[in-house]
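The values are calculated or read from the model by the stated rules, or taken from the named source; none is laboratory data. These numbers were taken from a predicted model, which means no experiment stands behind them. Note: ideal-geometry Cβ built from the backbone for every residue, glycine included; neighbour counts use all protein chains shown. For the accessible areas, the whole protein counts, side chains as well, though only heavy atoms, and no ligand, DNA or RNA atoms are used. Shrake-Rupley method; radii C 1.70, N 1.55, O 1.52, S 1.80 Å.
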Amino acid sequence: MTSDSDRVNSLMSMLKRRGIIFPAFSIHGGIAGLYDYGPVGGRLLRKVQQQWREHWLSKGNIVEIDSPTITPESVLQASGHVSAFNDHASECNSCNAIFRSDHLVEEFHQNADSLSGPELDSILSENSISCPSCKNVDWANSRPMNLMFGTKIGATRGGRQAYMRPETAQGMFLTFPMIQRHFRNRLPYGAIQVGKGYRNEISPRQGMIRQREFNMAELEYFIDPNVDAHHDLSKWNGINFQLIPDPENGEQKNINMDISTALEQNIVRHPTVAMFMAETYDFLTNIGADPEKIRFRQHESDEMAHYASDCWDLEMHGSYGWVECVGIAHRGCYDLEAHENATNSNELRAWRDFDEPIEVDKEVVSAIGSIVGPAFRQRAGQVTQALAELENIPTSFPFELSLSDGSNVTIDDSMVKVVRVQETIRGEWFLPHVVEPAFGLDRIIWHLLDHGYEMTSKEGEEYLILHLSESVAPYEVVVLPLFEKDGMGQIGKELQTTLLQINGIGVYYDGTRSIGRRYARADEIGVPWAVTIDYESLEDGSVTVRRRDDQSQIRISTDDLIQHLQSGSLASVF
RNA sequence: GCGGACGUGGUCUAGCGGUUAUGACUGUAGGUUCCCAACCUGCAAACCCGGAUUCGAGUUCCGGCGUCCGCACCA
């Protein structure tokens, strides 16, 4: 057994023992890929979510929305998830290996992705494609692997097909009209959503890393592609980001540089992507991630979704190696356009004013409906359109007009009139581009736990400390009477009640067993501050505050304690 | 999905056809203790689920579920 898996086992045991995270439904046998956050973990999750919200909402041009998790099929057809999540798999009858069917037939078909199961099967047999694993040609019929959880909306027969959302992002695209109105059409702006996503993984592995229901947090940031984005990245000067750029022709290698340098050298291709990479780095280090265990890996061009022009994964290092925890993608206008095409909605566009209004003063050929209609009947619409699109006004009649279906018609002067159009065009509607940072919160939480988990020893015995940042620690403070007698327990409970009135502070009281044992329990779930009531407290109201990370202690008055906690942290008293 | 290993109190584990199912840690009730899992005395707490073989199954067999590893799949 490697030390990494020892560490994972030890951490997992602790997480179960202390009510942080454990496999769900375990008394019913358990279900792979589903986890409970327990009494302590629930607070951890909430605090990480809250830090994430505040990080983005404090930018001022970002709002929060919340959408349903049940999503009608048409939405996911438009977004591409129904087909993308409907890949087929073929199994080799002789060695039982399984492969993506479309990958097997790639050489024999332009667009293998779009083929049906029977089509894939016939290409496999017609071309005698052999198994990459055992070289035999003996394929079972391909099966669809839909990774979305299906459901029906409506309890009666004929309910509408729907799926549990595989990502929260569609919510931001579909509420774009509302978001745009909120911001009064002034790009750039963004919207966030924190919530559950669902993927029916074939075989979830690696604990919390691949779950079937998971906590996501996504930001969609809408920008005008014609406006050069300028972000002040100087704040991050001097911080070396670990980058693994797309190798293009060579091999991938690690480089370390400022984010602004990476942008200047066009390693990061878009300034807004660079800004979000840096902001994401800040978010993670603020909640206690180890900066040495964060790197950015650029998608290779064949790995990148076809609509994305630049895409970086943020990877965190832990007991499972480097794991993707955040994806930051420039998605172009792909998503809004997809929904526009699917619905014919005109609400998904933003307005841009031209620098100078365009004065139009031109002559156009306008069809006279009462003549063109009877003359061309069902083709009248095409004729009208072709006339409106004419660039050169015909100088003589009759003339030949080409229609969009390739045919020609003869137009005489009774059918049209030439009119002069004078107008001022002040701007135009366009599809905004979007930059999307998408966070897998459970993966991030796992790495916070992993980075913070210290296995040390005290007096020859194993001793566990969870070095969680104060900003996400499930409890900020534990109140400990040295003994539960002579009134110390009473004072402790009163102090707990008082401290709980402070906004955002979680406090618990622990009065059982020896003081050292209670410190150990608090260290294990990462409580940064332990406040102890002793005999001196009975006399002068002072208490001792113990710092988790180095076990040092100082004595302060309860008034000071309250004041410091109100201003956010006890760190300043040390 | 395939192949292999495994599944015993909250956690870690002993057990190899017949035991009152080991032990430790944790928890808890009390005692003791003036700040780091101390000590003493109690208490609570488990054989993943189903079927089969057997007089008798935690133990053997079959199936399911789950965990871990490899292959495959995947953000």
Give the distance, in whole Å, between the Cα centre of the range A:547-574 and the Cα centre of the range A:212-262.
38 Å
When the label point is put 7 Å from the Cα of A:ASP224 along its Cα-to-beta-carbon vector, which residues of the range A:430-456 have a backbone N closer than 19 Å?
A:430-435
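Would you work out the relative contact order for chain A, in percent, from Cα pairs under 8 angstrom that are 6 or more residues apart? Could you put the intermediate results ahead of the total?
Working: 1001 pairs, mean separation 66.2, N = 574.
Dividing the mean separation by the residue count of chain A yields 12 percent.
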Apply the Karplus parameterisation 6.51 cos²θ - 1.76 cosθ + 1.60, with θ equal to phi minus 60°, to every residue of the range A:230-244 and state each ³J(HN,Hα) to the nearest whole Hz, in sequence, with x for glycine and proline.
10, 10, 7, 9, 5, 3, 9, 4, x, 8, 7, 7, 7, 10, 10
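Tell me, in nm to one decimal, what length is gained between A:SER557 and A:GLU264 on full extension, where the rule is 0.36 nm per residue of separation less the Cα-Cα distance?
Stretched fully, the A:SER557-A:GLU264 segment lengthens by 100.2 nm.
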Would you please state which residues of the range A:328-365 a label at A:THR424 would reach in this model, taking the label point 7 Å out along Cα→Cβ and a backbone N cut-off of under 13 Å?
A:354, A:356-360
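To the nearest 0.05, how large is the calculated FRET efficiency for A:TYR463 and A:LYS59 if R₀ is 45 Å and r is the Cβ-Cβ distance? Spell out each step's value before the answer.
Working: r = 41 Å, r/R0 = 0.91.
With R0 = 45 Å, the Cβ-Cβ based efficiency is 0.65.
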How much accessible area does A:TRP139 have with a 1.4 Å probe, in Å² rounded to the nearest 10?
40 Å²
Starting from the range A:303-376, pick out the GluC sites (Glu not before Pro) whose DSSP state is loop and whose Cβ has at most 16 other Cβ atoms within 10 Å.
A:GLU303, A:GLU347
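Report the extension gain between A:THR395 and A:LYS152 in nm, rounded to one decimal, defined as 0.36 nm multiplied by the number of residues separating them, less their alpha carbon distance.
Values: separation 243, 0.36 × 243 = 87.48 nm, distance 6.14 nm.
Contour length minus Cα-Cα distance gives 81.3 nm.
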Across chain A, what fraction of all alpha-carbon pairs, as a whole percent, falls in each successive 20 Å bin from zero upward?
16, 39, 30, 11, 4, 0
Give me the net charge for the shell around A:THR512: Cβ to Cβ below 14 angstrom, other residues only, Lys and Arg +1, Asp and Glu -1.
+4
For A:THR497 and A:THR285, FRET efficiency with R0 = 30 Å and r from the beta-carbon atoms, rounded to 0.05?
0.30
On full extension of the chain, what length is gained from A:ARG181 through A:GLU300, given 0.36 nm per residue of separation minus the C-alpha to C-alpha distance?
39.2 nm
How much FRET efficiency would the formula 1/(1 + (r/R0)^6) give for A:ILE368 and A:ALA342, where r is the Cβ-Cβ distance and R0 is 30 Å, rounded to 0.05?
0.25
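If packing is taken as the average count of other Cβ atoms within 10 Å, what order do A:502-510, A:412-420, A:224-232 fall into, highest mean first? Intermediate values should be presented prior to the final figure.
Working: A:502-510: 15.8, A:412-420: 13.6, A:224-232: 11.6.
So the order, starting with the most tightly packed, is A:502-510, A:412-420, A:224-232.
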Relative packing of A:32-38, A:555-561, which averages over residues the other C-beta atoms within 10 Å, highest first
A:32-38, A:555-561
Where in the range A:29-60 is the amide nitrogen less than 16 Å from a point lying 7 Å along the Cα-to-Cβ axis of A:ARG517?
none
Å² of accessible area per residue within the range A:352-427, as computed with a 1.4 Å probe and no ligands counted:
68 Å²
